[in-house]
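Just below is one structure, and these are the notes that go with it.
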Amino acid sequence: MKINILILFIFCLNFSLFAKDIRDIHYIKIMDSNNEAFLLASEAIEKKFDRQVKEISIMLGIVDIKEHNLMGNNFTEDQINHVIDDELKYSKGDIIIVVYLGHGYRENWQREDSYPILFLGKGVNTFRYSDLLDDILSNKPSVVISILNTCNALIPGYQNHPQIAGEPDGSIGSKMKFYDGHKDLNNSSLFWQILLAPLKQEKHKPYITKCIDFISSAPNSYANIDKNGGIFFKYLAETIDNYLYSYKENYTWESMKSEVESVTKKQISYAIRMDPERIKKQVPVCRITTKRQTTATIYSEKISYKEERNEQRKDIRVLKKERRKKYHFDLKSLKEKKVNHLKNPAYYNTTLKEIRQYFRVQKKQLRVNFIDDMKRFGEIIKY
């Protein structure tokens, strides 16, 4: 009897040591390769992260990597919605990696939202990354890694989308040096297994997801991008390679975060001193947070109307898009009216000061109405 128990224990131990991670990795690449300024950078970033994602999957024992390529003709809102609503529909417990390269900005009202607003195409459409992240979280992934290489600064006016600091042919940083093969992968696997381990779920509580962010630009800072991806990407990629191939016992998330942030800040400071006219302020952000599943998804599962609720969310997304267009159209019309009034104040029997004050109040009211409507859309989804 004792011998049988011992054999069973050894079998279970061996099985646990060699068990594979049953999760999948969903690798979403959202990059503006249609823009000449980003084309070479997108190729460099895709090449490096493709290899690194594969290496991480090997360390975790994950067999299936599902790539979602939202570049070129797929760099559209419809394609992004298709991936989130349809292709990630059965991603519960999986690892999702999102890589974004393109234009970005923020507005004054985003006080509690540190994620940027992202442009699609030539700035015709925009979407808040925090909204995209909420949609991803509704599918209950265990880990979401967000790598955003974009500006996050205030832009005065919707149409004035930012230009990257740096030239398409690149000259910001020296060429990147990367490892090419599997060197000492097994020695580093423990770090990645701990970093990407799923969180323990609480019974009868909303699903909890671990969110790991690598953001090139904190609020009110820019992204300096060249043909190699820019300074932030250079040192983020090199740091990930170090943690893949040259494992040390003192490697932790805090050491990784510190290395990426400190080296990037140091190199940005040096670049600004060398070329202050072209290089702009850039402050990277690396962090881990835990986010709970949204109220909308909990409610939809409780009443078992998941399909209907997904359709409702799609409809609300369309309404939000139309409301944004109306808001920016109203702003443009208001600006034109203001110009006409300022050209001929005597015709309107008023002073320049009164005209400016009037249009300042009107602009503020447009913003208040827009925010109230967007909040109302959110309440529809909740209930």
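The values are calculated or read from the model by the stated rules, or taken from the named source; none is laboratory data. In this text, all values refer to a predicted model and were calculated from it rather than measured experimentally. Using ideal geometry, Cβ is built from the backbone for each residue, glycine included, and neighbour counts are taken over all protein chains shown.
One residue stands out in region 66-89 among those that are within 16 Å of LEU133 (Cα to Cα) and in a loop (DSSP other than H, G, I, E, B): the one that is nearest to the chain's Cα centre (by Cα), namely LEU88. Residue pairs whose Cβ atoms lie under 7 Å apart, sitting 6 or more positions apart in sequence or on different chains, and linking a residue in region 214-226 that is within 8 Å of THR150 (Cα to Cα) to a partner that is of a type in the set (Ser, Thr, Tyr) and modelled with pLDDT of 90 or more, are SER216/THR150; SER217/THR150; ALA223/THR150; ALA223/SER216; ALA223/SER217. Considering only residues in region 194-222 that are touching a Phe, Trp or Tyr at 6+ places or on another chain (Cβ under 7 Å) and not hydroxyl-bearing (Ser, Thr, Tyr), the one that is modelled with the highest pLDDT turns out to be LEU195.
Yes/no per residue for (1) at pLDDT below 85; (2) assigned to a helix (DSSP H, G or I); (3) in contact with a Cys (Cβ under 9 Å, 6 or more places away or on another chain):
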site	(1), (2), (3)
LYS122	yes, no, no
SER130	no, yes, no
ASP134	no, yes, no
SER174	yes, no, no
SER188	yes, yes, no
TRP192	no, yes, no
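Taking region 241-292 as the range and being among the acidic types (Asp, Glu), surrounded by fewer than 17 Cβ atoms within 10 Å (Cβ to Cβ) and within 21 Å of the chain's Cα centre (by Cα) as the test, only GLU254 passes. One residue alone among ILE65, ILE58, ILE45 is of a type in the set (A, V, I, L, M, F, W, C) and buried (at least 19 other Cβ atoms within 10 Å of the Cβ), and that residue is ILE45.
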